[in-house]
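Taking it in order: structure first as structure tokens, then the write-up.
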Amino acid sequence: MHFGMTSTKWGSRLNWRDGLLACMLRAVAWCVAFNALFMAAAVAQDRPTDVLRLELEEAKARVTTLSASTGLISEEHRKTLAEARERLTLLQERNNMLLTREDRGGFVVYATNSQVAQEYVRMAEHYVSVYRQLFTDFKFTQRNPVHFIVYPTKEQYLKYEQIPQWAGGHALTRRIVMMRIGYSDKGYTIEADPRYKMLRLALYYHPDYSARSATLGHEVAHILVWEMLNKNDKEFNVVNGNRFLNEGVADYVGTYNMAQAQNERLSILNKTPQPIGPFTWLDTPHYPATPNQISEYYAEAHLFVRWLATADTKGGARLKVLLPSRDFNDFKKRLEEFERNEPLYKINLDNYAPYRKKVLSTVPR
Ligand SMILES: [Zn+2]
């Protein structure tokens, strides 16, 4: 008999089967134990380990809840359920596309292939080091993992992130939107999810390397500013810093060592006959309304932060004190406080205008 013949080799047929069963049971037991440990760790930290799966599970739960309704079902409910099902299908489709996951140095990247994922992790790590050249005492603790979803194209980004085609920036879902506006045609969204103490960034693979890099660097800098200003783990999403200075730091870091990108950014200031200037922008609580003013705002923020950062060797320490400024008055108070502690590192705000003129004279019109 076939089994009989092999049984001499493997022991009796019964033992062979028992052995296999025991082995399988052990494997299952290990699996259960491992999973339990894993789950316990995840629950203890209250943090998602995989944002794609989390979002899919949420969409599934929503469909289940909506489907459970009995009795008279309104037209509106039917429509909501249909939308929830459509969302679930979209997320399934998306997750099947983003098969690669790269988890390194506090960044988790989801992409279509490992080459793209690794490029983004490398870029993120590069910008952490650029940031740390400016803020030398800052340590990226990685306490809040940063999840990057990299869509292969702009179309897919708009489709799966449910962003209308015309979007410059509108709030999404229930998550708190931290920053939305950047290079307007290089779309991305960044959100902080207080439930999981998680930062989520969605963007798409721009065909131009410097655009990809500057966009990612800009957002990584926002994340690091946020990490630097929110030391207390209990207060997730509290201090965002002064919007104007925050954008300036992000842009300065994002275009670090990229002369062409910097010139592109700054050239708008050469085309603005009556600039609004940093002191008024520091007092402006929201982003400007028109595309031209938005470009001016970012360019001025970039140049003003560059001036503050490079005035002397205390640039980063100075910026760190100034970043949370509520308005121009608060900014001046913080600057005075900084200079009381560092009397050898005084700057004069009147010197910004000549600095600005000198830099802009080197920028192509
Ligand atoms: Zn920004």
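The values are calculated or read from the model by the stated rules, or taken from the named source; none is laboratory data. A quick note: this is a predicted structure, and the numbers were derived from the prediction, not measured. Here Cβ is always computed from backbone atoms with ideal geometry, including for glycine, and neighbour counts include all displayed protein chains.
Observations
- F338 being away from the ligand (no atom under 16 Å from the Cβ), modelled with pLDDT under 95 and of a type in the set (F, W, Y): no
- Members of region 264-296 that are modelled with pLDDT of 95 or more and under 16 Å from V253 (Cα atoms): L266
- Residue in region 234-244 that is within 11 Å of the ligand (Cβ to nearest atom), at pLDDT 90 or above and buried (at least 17 other Cβ atoms within 10 Å of the Cβ) present: yes
- Output for region 291-303, where each listed residue is surrounded by fewer than 23 Cβ atoms within 10 Å (Cβ to Cβ) and more than 14 Å from the ligand (Cβ to nearest atom): P291, N292, Q293, E296
- Any hit, region 168-181, residues being within 15 Å of the chain's Cα centre (by Cα), within 16 Å of the ligand (Cβ to nearest atom) and at pLDDT 60 or above: no
- Annotation: A124 fulfils all but one of (1) of a type in the set (A, V, I, L, M); (2) within 17 Å of the chain's Cα centre (by Cα); (3) away from the ligand (no atom under 16 Å from the Cβ); (4) modelled with pLDDT of 90 or more; the unmet one is (3).
- For region 200-221, the set of residues classified as of a type in the set (D, E) and more than 15 Å from the ligand (Cβ to nearest atom) consists of D208 only.
- Applying the criterion of being more than 15 Å from the ligand (Cβ to nearest atom) and assigned to a helix (DSSP H, G or I) to the residues of region 277-290, the residue that is nearest to the chain's Cα centre (by Cα) is L282.
- No other residue among K358, K332 is surrounded by 12 or more Cβ atoms within 10 Å (Cβ to Cβ) and without any contact (Cβ under 8 Å) to a residue 24 or more places away in the chain apart from K332.
- Residue satisfying all of: in region 119-138; outside any loop (DSSP other than H, G, I, E, B) and among the acidic types (D, E); surrounded by the most Cβ atoms within 10 Å (Cβ to Cβ) among these: E119
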